[in-house]
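Below is one structure, written out as structure tokens; comments come after it.
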Amino acid sequence: MALIAPSLLSANFLNLEADCRMLNESSADWYHLDVMDGRFVPNISFGPMLVEFFRKATTKYCDLHLMIEEPESYVEAFRKAGADGITVHLEASTHLHRTLQQIRALGAKAGVAINPHTPIESLTDILPETDLVCIMSVNPGFGGQKFIPHTLDKVRQLRSRIDQLKLSTLIEVDGGVTLENAPALIEAGAHVLVAGNTVFKSAYPKATIATLKTF
């Protein structure tokens, strides 16, 4: 059974309190919070202030995904805002090892995200330093995109490598996760599923989350 992390990027920003209440009452495990800077990805979302409000709204794990350049300049502010785990992009981090050490020194779980074009092999030297690897299954920046099928092969490759090294690193899949492809992702080795539109565009979001939890 995978952990389910609904992405608040797909929530109704005019009614965030209701959406947070729904998640709190649901069987969702994590809040997934996407931070975008308009530079690393072609979109802008929110900063530490909103993360602080999300933190006050829930006791659930706050999973922060930084889709920003120079993430090392901002991880402390987001940790103070209440992030439990902070994931930075391999492609945006010039000194990735140092940034992961920085995150852990702040008391948060340290994650690395990779874009669809980035091979699993690029994680070889850094994998033992990670608590989580987020495999992007769409091109980052916007919700509602179509799942890239090759992601399943990447999940299998990464799971094999993690098992081989006897690591406890979690595999997270982010983008285009649906009720239809979730079982295959879990079978391939994913531990955490980020679901945005699948949850928040559902007529019965709590029931959708419960269904995702059954796979």
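Bear in mind that the values in this text are calculations on the coordinates, not laboratory data. Note that the coordinates shown come from a computational prediction; the quantities given were computed from them, not determined experimentally. Neighbour counts are summed over all protein chains in view; Cβ atoms, including those assigned to glycine, are modelled from backbone coordinates with ideal geometry.
Computed over the Cα atoms of the chain, pair by distinct pair, the Kirkwood hydrodynamic radius stands at 17.0 angstrom.
For a Förster distance of 30 Å, can you work out the FRET efficiency between the beta-carbons of ALA77 and ASN24, rounded to the nearest 0.05? Can you show the working numbers first?
Details: r = 25 Å, r/R0 = 0.83.
Efficiency for this residue pair is about 0.75.
Only lysine pairs 8 or more places apart or on separate chains count here, and in the chain those with Cα atoms under 21 Å apart total 13.
Counting only DSSP beta bridges with both residues in the range 3-212, the antiparallel share comes to about 5 percent. The label point for LEU179 and the one for ARG39, both projected 7 Å from the Cα toward the Cβ, are 4.2 nm apart. Note on the chain: GNM, Cα springs under 10 Å; of PRO42, PRO116, PRO205, the largest mean-square fluctuation is that of PRO42. Among GLN164, GLN145, GLN102, the residue with the largest mean-square fluctuation in a Gaussian network model of the chain, with springs joining Cα atoms closer than 10 Å, is GLN164. If you plug the beta carbon distance of THR58 and ALA203 into 1/(1 + (r/R0)^6) with R0 = 35 Å, you get a FRET efficiency near 0.95. Over all projection directions, the Cα-based convex hull of the range 101-215 averages an area of 7.7 nm². Calculated mean residue ellipticity, 222 nm, the chain: -9500 deg cm²/dmol, from DSSP H runs (n ≥ 4) at -39500 (n - 2.57) each, averaged per residue and rounded to 500. The share of Cα pairs per 10 Å bin across the range 151-208, counted from zero up to the longest distance, runs 23, 47, 22, 8, 0 percent. At most 10 other Cβ atoms within 10 Å and a DSSP loop assignment: could you name the trypsin sites (Lys or Arg not before Pro) in the range 108-191 that fit? Within the range 108-191, the qualifying trypsin sites (Lys or Arg not before Pro) (loop, at most 10 other Cβ atoms within 10 Å) are LYS146, LYS166.
When the charge dipole of the range 3-212 is built from unit charges on Cβ atoms (+1 for Lys and Arg, -1 for Asp and Glu) and taken about the Cα centre, the candidate among ALA83, PRO71, SER27 whose Cα reaches farthest toward its positive end is SER27. Among THR87, THR59, THR99, the largest mean-square fluctuation in a Gaussian network model of the chain, built with springs joining Cα atoms closer than 10 Å, belongs to THR59.
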